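Please treat every number below as a calculation from the coordinates, not as lab data. Treat the numbers as computed from the prediction; the structure is a model and nothing was measured. Glycine gets a Cβ as well: all are built from the backbone with ideal geometry, and neighbour counts include every protein chain shown.
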Amino acid sequence: MRNISRRVFPADLMTTGALPGVRSRVQDTSFALVANGFADGPAQAMRDYLVKHRARRLVTVNHPLSREEGSGHVFREWAEGQRVRARTLHLPSRPPVSYPLDLIAPPILPAVDVWFGFNPLNVVQGIAARRIRRARLGCQVRAVGGDARSA
């Protein structure tokens, strides 16, 4: 794993290391952001950045973190800064017992270049996506003490 927490990826500059062995721009790269909770945090800040800088494709999935957040698993997709799809899948929600249901909501996301998981369960899903070639690079993001590690 390598530490990329202090690395800046300006959208208008070429970056090295976003994809192993490939120089790419945000506009040429597709991303998945998978997180629990709907409050503003690192996942939402990253989403806003990638939408603003017109990532080729951005897929976000937000799962309920607590019972108060309801039973909706929210899936959204953007293409070049424009939202093209949004849907909500309702599943039983009794956290933490229902957290494994996050793995099937939705079961398979569109293929992406970079997968960001914001908790260990989201990272497991990203590792599985890499194994079936649905993601090229996976990262775990830790909100407290904040660094990102590539998997």
What is the range 54-107's relative contact order, in percent, from Cα pairs under 8 angstrom and six or more apart in sequence? 32
Sorted on mean Cβ neighbours within 10 Å (highest first), peptides 86-92, 41-47 come out as 41-47, 86-92
Each residue of the range 92-107 in order: what ³J(HN,Hα) in whole Hz does its phi give by Karplus 6.51 cos²θ - 1.76 cosθ + 1.60, θ = phi - 60°, with x for Gly and Pro? x, 10, 9, x, x, 4, 8, 4, x, 5, 4, 5, 10, 10, x, x
What value in Å³ per residue do you get for the convex hull of the alpha-carbon atoms in the range 28-150? 97
Output ³J(HN,Hα) for the range 80-91: one whole-Hz value per residue in order, computed from phi by the Karplus curve 6.51 cos²θ - 1.76 cosθ + 1.60 with θ = phi - 60°, and x for Gly and Pro. 6, x, 10, 6, 10, 7, 8, 8, 10, 10, 9, 10
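By how many nm would the segment from A79 to R67 grow when fully extended, if each residue of separation counts as 0.36 nm and the alpha-carbon distance is taken off?
The span from A79 to R67 would gain 1.2 nm if fully extended.
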For the range 113-124, 3J(HN,Hα) per residue [Karplus equation, 6.51 cos²θ - 1.76 cosθ + 1.60, θ = phi - 60°, Hz, x = Gly/Pro]: 7, 10, 10, 10, x, 9, 7, x, 5, 5, 5, 4
DSSP beta bridge pairing in the range 28-150, given as percent antiparallel to the nearest 5: 50
